[in-house]
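J.: Structure provided below as structure tokens; questions to follow.
The values are calculated or read from the model by the stated rules, or taken from the named source; none is laboratory data. Keep in mind that this is a model prediction, so the values were computed, not measured. Note that we place each Cβ from the backbone using ideal geometry, even for glycine, and neighbour counts take in every protein chain shown. Heads up: the accessible areas ignore ligands, DNA and RNA and are worked out on the full protein's heavy atoms, side chains in. Shrake-Rupley method; radii C 1.70, N 1.55, O 1.52, S 1.80 Å.
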Amino acid sequence: MWKLLRKIKRFFSPDPVEKFWRLRDILVRPTPIQKALLPFYTHSMQKILDRNNATIPCIEEVNHFVTPHGLCGIFISYGAKIGTGCTIFHQVTVGANTLPDSRGQGAPTIGDHVYIGAGAKIIGNVTIGNNVRIGANAVVAFDVPDNATVVQESPRVILRDAPRDNTFITWAQYSKQKNASAK
């Protein structure tokens, strides 16, 4: 009896993470019938992300990943690439660096089967290899080879003589500038 009630409950209110991935698959690769309902699917998926304070772009470069604690606070920047079989815990940031005078401009590329602990931050144009473990609250702004483990070390302060340009540039503006300079 209880199993039947649980199945009925799951049918009417499925797990938000499963629902998110199902809606995301529809938005990334819609069938002709689903194209007519794209505004509905977009709205439903955005409600799930808003409830969980998360941002996950609907692009093919971001593959499905496991979220043991749900989508809570996960931020993935546009331009980021995530391989298959990754596990991402809550409050993780995979963010692009678009500061004009920064040496790590761009978005991260994460390999396959990467385990990213709670609160970890991966920032800039870095490449994370396959089968890497990133510990909780670690800040990664450098390339990590395959089969490595990254843990947080003590923070440090870097003093500069001249002021830095901290102008924020959106990913769309950064892409346009990069394409214009490549031509």
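J.: Starting from 0.36 nm per residue, how many nanometres of slack lie between A162 and T87 once their C-alpha separation is accounted for? Provide the component values of the computation, followed by the final result.
T.: Working: separation 75, 0.36 × 75 = 27.00 nm, distance 4.03 nm.
Between A162 and T87, full extension yields an extra 23.0 nm.
J.: A further question on this structure: Magnitude of the Cβ-charge dipole of segment 1-86, K/R +1 and D/E -1, about the Cα centre, nearest 20 debye?
T.: On the way: 13 positive and 6 negative charges, 98 e Å.
Rounded to the nearest 20 debye, it is 480 debye.
J.: Efficiency by 1/(1 + (r/R0)^6): what FRET value for H69 and K9, r their Cβ-Cβ distance, R0 = 22 Å, to the nearest 0.05? Please report the intermediate quantities before stating the final value.
T.: Values: r = 21 Å, r/R0 = 0.95.
With R0 = 22 Å, the Cβ-Cβ based efficiency is 0.55.
J.: In nanometres, what is the gap between the two model label sites at Q152 and T42, each 7 Å from Cα along Cα-to-Cβ?
T.: Between Q152 and T42, the simple spin-label model gives 3.7 nm.
J.: Of the residues V114, V140, V28, which exhibits the maximal mean-square fluctuation in a Gaussian network model of the chain defined by a 10 Å Cα contact cut-off?
T.: V28
J.: Compute the relative contact order of the chain as a whole-number percentage, counting only Cα pairs closer than 8 Å that sit 6 or more residues apart in sequence.
T.: Values: 353 pairs, mean separation 23.0, N = 183.
The value is 13 percent.
J.: Continuing with the same structure: Under the rule a/c < 1.5 gives rounded, and otherwise a/b versus b/c splits prolate from oblate, where does segment 50-149 land using the Cα gyration tensor? Let's see the in-between values first.
T.: Values: a/c = 1.44, a/b = 1.13, b/c = 1.28.
Verdict is rounded for segment 50-149.
J.: Computing the accessible area with a 1.4 Å probe over protein heavy atoms, can you report the carbon and sulfur percentage for the chain? Kindly include the intermediate steps, with their values, before the conclusion.
T.: Numbers: 6620 of 11920 Å².
Heavy-atom surface of the chain belonging to carbon and sulfur, 1.4 Å probe: 56 percent.
J.: Listed here are the pairs K121/K176; K19/K176; K81/K183; K7/K81; which of them are more than 28 Å apart at the Cα?
T.: Values: K121/K176 25 Å; K19/K176 33 Å; K81/K183 24 Å; K7/K81 35 Å.
Correct reply: K19/K176; K7/K81.
J.: List the residues whose amide H sits under 5 Å from the amide H of C86, counting only those 5 or more places along or on another chain, with H placed 1.01 Å from N in the peptide plane.
T.: So C86 has HN proximity to V66, H113, V114.
J.: Give me the 1.4 Å probe accessible area per residue for the chain, excluding ligands and nucleic acids, in Å².
T.: Working: 11920 Å² over 183 residues.
Per-residue accessible area for the chain comes out at 65 Å².
J.: Identify which of the listed values of Rg/Rh (Cα atoms, Kirkwood Rh) was calculated from the structure shown: [x] 1.03; [y] 0.98; [z] 0.94.
T.: [x]
J.: Here's something else I'd like to know. Let me have the 222 nm mean residue ellipticity of the chain computed from DSSP H runs of 4+ only, each contributing -39500 (n - 2.57), with the sum over all residues rounded to the nearest 500.
T.: Values: 5 runs with 54 residues, N = 183.
About -9000 deg cm²/dmol.
J.: Could you work out how far apart the two model spin labels at R51 and F142 are, taking each label as a point 7 Å from the Cα in the direction of the beta carbon, and quote it in nm?
T.: Placing both labels 7 Å beyond Cα along the Cβ direction yields 4.2 nm.
J.: May I ask what percent, to the nearest 5, of DSSP beta bridges between residues of segment 43-180 are antiparallel? Could you put the intermediate results ahead of the total?
T.: Working: 1 of 23 bridges.
Rounded to the nearest five, the antiparallel share is 5 percent.
J.: Under a 10 Å cutoff between Cα atoms, tell me which one of L38, L23, L49 has the largest fluctuation in the Gaussian network model of the chain.
T.: Most flexible of the set in this elastic network: L38.
J.: Contour minus end-to-end for D25 and D112, with contour as 0.36 nm per residue of separation and end-to-end as the Cα-Cα distance?
T.: Working: separation 87, 0.36 × 87 = 31.32 nm, distance 1.92 nm.
The span from D25 to D112 would gain 29.4 nm if fully extended.
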